[in-house]
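The values are calculated or read from the model by the stated rules, or taken from the named source; none is laboratory data. The structure displayed is predicted, hence computed values, not measured ones. Positions of Cβ are generated from backbone atoms using ideal geometry, with glycine treated the same way; all protein chains shown enter the neighbour counts. Side chains are part of the model used for accessible areas, which takes the heavy atoms of the whole protein and leaves out ligands, DNA and RNA. Shrake-Rupley method; radii C 1.70, N 1.55, O 1.52, S 1.80 Å.
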Amino acid sequence: MTIVSAPIEPPSVEPPLSLEPSSRRLGEKAIVALLFAAAALAVLITVGIVLAIAGPTVEFFRQIPFSRFFSTEPWAPNFVPDGFGVYSILAGTASIVLYSCMIALPAGLGAAIYLNEYASHRARKILKPVLEVLEGIPTVVYGLFALAFVAPLLQQIWPTFLPGKLGDPPGFQFVLSAGVVLGIMIIPTVASVSQDAMSAIPGGLREAAYGLGSTKMQVATKVVVPSAFSGIVASFVLGLSRAVGETMVVLMAAGAIANLTLWPNDPVLTMTAFIGRTATGDVGFGTTTYYTLFAVAALLFVITLVINTISIALVRKFREVYE
Amino acid sequence: MTDQATRAAGPAPSPQRAARDVPDVPKEPVFTTQDLNIHYGSFHAVTDVSMEFGKNEITALIGPSGCGKSTVLRCLNRMNDLIPAARVSGEVRYHGIELYGPKIDPIEVRRRIGMVFQKANPFPKSIYDNIAYGPRVTGMKVDNMDDLVEQTLRRAALWDEVKDKLKQNAYGLSGGQQQRLCIARAIATNPDVVLMDEPCSALDPIATLRIEELMAELRELYTIIIVTHNMQQAARVSDRTAFFTVKVNETTGDRTGGLVEYDRTTKIFENPSDQRTEGYISGRFG
Ligand SMILES: Nc1ncnc2c1ncn2[C@@H]1O[C@H](COP(=O)(O)OP(=O)(O)O)[C@@H](O)[C@H]1O
Ligand SMILES: [Mg+2]
């Protein structure tokens with residue numbers, strides 16, 4: 001800096017010093033307003049959905065008592081005699097989530113670890129886009145895949161030597177075939193979100209681990225995975241939510257029989273599949289069946305909310321902070 | 001402290017710790033490099049480095065930015081293997097064993113030759129787990145991990161400051177403490193050599209001083225090689241100094257790093273034999 005030594009001639013005509021804004025910056029204000037409107041719209045729509053579900057749900061519980069809905073009675077809202085025990089289709093959803101996540105979470109995490117820690121630069125450059133393309137395949141295609149390929153295969157190789165119920169060969173539509181395919185469908189989501197989290201950890205941590213003589217496996221399991229834990233949990237939750245919410249694959253491949261069971265070789269009806277196949281236009285407005293749709297939707301909404309809340313708490317508790 | 005600040009501080013720094021007897025050449029070399037060349041892809045980063053690093057000595061690598069100090073350092077424990085484009089040729093012997101020989105496992109190498117980085121990089125774990133990490137992954141036989149952690153932290157002169165918060169996250173420590181924790185973590189497995197790449201460049205002068213004191217103590221147990229931007233630091237802590245610079249090929253204009261002069265630190269700072277060394281340490285040339 002030469003300010004002190006250089007002689008500075010003040011300019012002869014000096015404009016008065018002004019620190020006020022040189023223009024009113026209307027453009028910026030307009031953009032801020034637009035952005036705010038976008039954010040507000042998202043919130044408003046969510047509130048709208050909740051309200052739209054809440055009304056008919058309240059009406060449902062006016063007609064059918066809580067004690068019948070939350071019960072093990074058969075699920076048959078549009079039959080005579082009717083039955084509204086939601087546990088049957090809750091079990092269907094739980095069963096699908098169980099089998100699909102048993103595949104998707106470990107495989108997705110494994111794929112992420114492979115991509116991030118083991119794959120060569122070239123392999124990664126090819127595999128990552130492939131994963132992202134897989135995420136875009138319409139779910140109805142996966143449903144066909146389950147029906148035409150996975151179900152017959154599982155029927156053929158079913159371990160019939162197993163004792164009891166587990167040894168019974170499955171029929172044409174059953175939980176495991178839908179679960180397996182749904183699991184495969186979710187792997188890319190889990191893998192890609194987990195890997196993003198892993199690649200975001202500071203490079204210094206990986207260097208430190210290698211510098212201490214860690215093997216690749218040790219770097220991955222003791223440093224990378226714990227450091228990326230919150231992102232990995234996020235990917236699991238995303239996978240779980242997709243399994244809970246998936247409709248098409250289960251509608252096509254898991255059967256359509258409400259069944260209070262977790263056996264892999266049973267057909268089930270999930271909550272989403274119930275909504276999907278019932279809400280087809282020939283449901284009369286104002287019938288009990290109509291209100292049942294909303295009650296089930298409300299329950300789905302609450303379940304997803306609970307999953308997300310738990311996961312946020314988990315992430316807070318176990319996050320390994322770095323700066 | 002920046003390079004500029006160091007140079008502005010006055011005339012060439014002189015070694016303040018002249019008490020140690022440093023033989024003309026290392027009595028017992030830990031590393032010997034012969035015509036060491038390192039490329040990143042087609043870029044020739046370091047050319048023809050031949051030198052010896054003595055056991056239980058502190059060797060400083062100094063020189064302007066980009067002259068290949070870190071590159072040479074990282075080649076001594078095969079950290080360069082992590083950079084796909086890096087290629088090493090020539091010879092690097094560690095206790096006589098060719099480090100880049102076909103049967104050498106870089107993981108085994110790094111278990112004996114620890115490293116401390118420019119930016120403190122503790123794991124996002126507790127102080128205790130940071131120290132215990134090395135012994136755990138290397139499968140070291142440890143009778144009592146608590147004792148090992150305490151002993152290591154004492155050796156790194158950090159015990160008194162952290163003994164009440166061993167279970168707390170290491171990121172709660174100050175920058176200087178984090179760096180000393182990283183040094184402690186590196187010596188927990190009792191390595192043979194500790195490589196340090198500008199370990200103080202992100203620290204304030206007081207934290208820097210503490211680390212320099214620590215190095216002086218650790219020299220009795222380990223061989224230390226330190227890259228530093230700070231010439232006064234090299235003068236203060238090291239037994240031997242290697243001056244590197246960027247050499248420009250007159251005809252092609254290609255730039256490459258190389259060793260200019262390597263000698264006892266007192267000699268380098270009091271009576272350098274190469275003009276470029278003299279220019280650098282007196283701040284006339286960078
Ligand atoms: N990973 C890398 N890929 C390509 N070039 C690199 C890489 N690391 C360092 N270099 C180059 O090698 C030369 C020496 O770098 P470095 O060893 O970091 O120098 P110093 O530590 O002396 O500042 C520089 O020109 C630098 O740009
Ligand atoms: Mg460097």
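Side notes on the structure shown:
- Unmet criterion (only one of (1) farther than 23 Å from residue B:244 by Cα; (2) more than 14 Å from every other protein chain (Cβ to nearest Cβ); (3) within 13 Å of ligand 1 (Cβ to nearest atom)) for residue B:102: (3)
- Among the numbered conditions (1) more than 9 Å from chain B (Cβ to nearest Cβ); (2) crowded, with 19+ Cβ neighbours inside 10 Å; (3) of a type in the set (A, V, I, L, M), the only one that residue A:166 does not meet is (2).
- Considering segment B:39-60, and only residues there that are part of a strand (DSSP E or B) and near ligand 1 (Cβ under 8 Å from one of its atoms), the residue that is surrounded by the most Cβ atoms within 10 Å (Cβ to Cβ) turns out to be B:46.
- Counting the residues of segment B:80-99 that are within 16 Å of ligand 1 (Cβ to nearest atom) and charged (D, E, K, R) gives 2.
- Restricting attention to segment B:171-205 and to residues that are more than 16 Å from ligand 1 (Cβ to nearest atom) and in a strand (DSSP E or B), the residue that is nearest to the other protein chains (Cβ to nearest Cβ) turns out to be B:194.
- Output for segment B:238-249, where each listed residue is in contact (Cβ under 8 Å) with a residue 40 or more places away in the chain and open to solvent by 10 Å² or more (accessible area, probe 1.4 Å): B:246, B:247
- Complete set of residues in segment A:51-77 that are part of a helix (DSSP H, G or I) and surrounded by 14 or more Cβ atoms within 10 Å (Cβ to Cβ): A:53, A:56, A:57, A:59, A:60, A:61, A:68, A:69
- In segment B:86-99, the residues that are more than 19 Å from residue B:55 (Cα to Cα) and either surrounded by 16 or more Cβ atoms within 10 Å (Cβ to Cβ) or facing chain A (nearest Cβ under 9 Å) (or both): B:86, B:88, B:90
- Some residue of segment B:63-79 being of a type in the set (S, T, N, Q), more than 9 Å from ligand 1 (Cβ to nearest atom) and not in a strand (DSSP E or B): yes
- Screening B:207, B:235 for residues that are more than 16 Å from ligand 2 (Cβ to nearest atom), among the aliphatic types (A, V, I, L, M) and free of Cβ contacts under 8 Å to residues at least 60 places away in the same chain leaves exactly one candidate, B:207.
- Residue check: residue B:252 meets all listed conditions (1) surrounded by 18 or more Cβ atoms within 10 Å (Cβ to Cβ); (2) within 16 Å of ligand 1 (Cβ to nearest atom) but one, namely (1).
- Answer residue from segment B:220-233, given it is open to solvent by 10 Å² or more (accessible area, probe 1.4 Å) and away from ligand 1 (no atom under 16 Å from the Cβ) and is farthest from the other protein chains (Cβ to nearest Cβ) among those: B:232
- Looking only at residues of segment B:259-286 that are farther than 20 Å from residue B:58 by Cα and in contact with a strand residue (DSSP E or B) (Cβ under 7 Å, 6 or more places away or on another chain), we find that the one that is surrounded by the most Cβ atoms within 10 Å (Cβ to Cβ) is B:280.
- Residue within segment B:65-85 that is under 27 Å from residue B:154 (Cβ atoms) and open to solvent by 10 Å² or more (accessible area, probe 1.4 Å) present: no
- Flag for residue A:285 being more than 30 Å from residue A:119 (Cβ to Cβ), aromatic (Phe, Trp, Tyr) and in contact (Cβ under 8 Å) with a residue 60 or more places away in the chain: no
- Number of the condition not met by residue A:214 [criteria: (1) over 24 Å from residue A:170 (Cβ atoms); (2) at pLDDT 90 or above; (3) touching a helix residue (DSSP H, G or I) at 6+ places or on another chain (Cβ under 8 Å); (4) more than 14 Å from every other protein chain (Cβ to nearest Cβ)]: (4)
- Taking residues in segment B:50-72 that are within 14 Å of another protein chain (Cβ to nearest Cβ), and partners anywhere that are in a strand (DSSP E or B) and near ligand 1 (Cβ under 9 Å from one of its atoms), the pairs with Cβ atoms closer than 7 Å and at least 6 places apart or on different chains are B:70/B:197; B:70/B:227.
- Extreme residue, surrounded by the most Cβ atoms within 10 Å (Cβ to Cβ), among residues of segment A:99-130 that are touching a Leu at 6+ places or on another chain (Cβ under 7 Å) and farther than 21 Å from residue A:217 by Cα: A:100
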